[in-house]
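Readers should treat all values here as calculations from the given coordinates under stated rules, not as data from a laboratory. Remember, it's a predicted structure, so these values are computed and weren't measured experimentally. Using ideal geometry, Cβ is built from the backbone for each residue, glycine included, and neighbour counts are taken over all protein chains shown.
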Amino acid sequence: MLRCIVACIIFTLSPVVVAQMPPTGAVKPVGLQEGLRATAPALDKLDIRAQLSPRRYTTLAAEIPARVARIAIREGEPFKAGQQLISLDCGLHIATRDRARAALTSAEKSYAANKRLDELNAVGKLEVATAEAEVGKFKAELAHINTTLSKCSIAAPFAGRVAEQKAREQQYVQAGQPLLDILDDSVLELDFLVPSRWLGWLKVGHKFEVVIDETGKTYPARIQRLGARIDPVSQSIKLAAVIDGRFPDLIAGMSGRILLVAPGKP
């Protein structure tokens, strides 16, 4: 019994050496540079997605509170630049303009009469100055009304199509209320991300192809703009391209896959 106790004490106090052998199939740790080199080819094989977007688009809104008298264009229909799209009912403003015109005419006659009396020294300088100020006041009021009346007709700022109609005829709208969403689909753009190291060979004007999901067809495109900043986390940069040509079957909002590879690669 005593021998067993002594043996256990000796075994406990003795240093134990364990061989640290790598297990079978263990992964060898790699450094940062090796890891980046390993993941670099994966970026070149990304499924780069892009969406078609119009070059110009905006929302037309009412600038004055009024009733919508007429909407000359419907959703999806094309229009020309300068074409009248919306007419607002401005009968009240027209009556106000006519009243301002009459007041201006009366003020001008009063000023002319006082000026003639002033030449004859039959009226004081104050009356002449007051009559002249009245003329200026009604001219300014008439100009303000004419500016307001110019907001009663909303014209297209560019040629394009109506994307969405947000108001209806005979509806009363407030100033700033959206009426129409319009877009210019004469040129469709593609926005997408690529690895930043592609900047070594990817330049403005570079031609490539894109496969659109909705049509299943391949279309030519070319790089139009390079992004101004690289994302340091993903090491990517944003590019803007345009569809090279006019294709009636393409619509803004469609998406597809970019066929863009580095030179010398299949």
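Taking the charge dipole of the range 173-256 about its Cα centre, with +1 at Lys and Arg Cβ atoms and -1 at Asp and Glu Cβ atoms, the residue from Thr215, Leu226, Val187 reaching farthest to the positive side is Leu226.
Decide, for the range 58-180, between rounded, prolate and oblate: order the square roots of the alpha carbon gyration tensor eigenvalues as a ≥ b ≥ c, take rounded if a/c falls under 1.5, and otherwise choose prolate if a/b is larger than b/c, else oblate. Note, shape of the range 58-180 comes out prolate.
Phi-derived couplings, Karplus 6.51 cos²θ - 1.76 cosθ + 1.60 at θ = phi - 60°, listed residue by residue for the range 107-118: 5, 5, 5, 5, 5, 5, 5, 5, 5, 5, 5, 5 Hz, with x used for Gly and Pro. Given +1 at the Cβ of Lys and Arg, -1 at the Cβ of Asp and Glu and no other charges, the dipole of the range 58-180 around its Cα centre is 240 debye to the nearest 20.
Please get the size of the charge dipole for the range 112-260, origin at its Cα centre, with Cβ charges of +1 on Lys and Arg and -1 on Asp and Glu, quoted in debye to the nearest 20. Please report the intermediate quantities before stating the final value.
Details: 19 positive and 19 negative charges, 106 e Å.
Dipole magnitude for the range 112-260 comes out near 520 debye.
In the range 58-180, a dipole from Cβ-located charges (positive for Lys and Arg, negative for Asp and Glu) runs towards its positive end, and of Ala100, Gly136, Gly176 it is Gly176 whose Cα lies farthest in that direction. Between the beta carbons of Gln170 and Ser106, assuming R0 = 25 Å, the FRET efficiency works out to 0.10 to the nearest 0.05.
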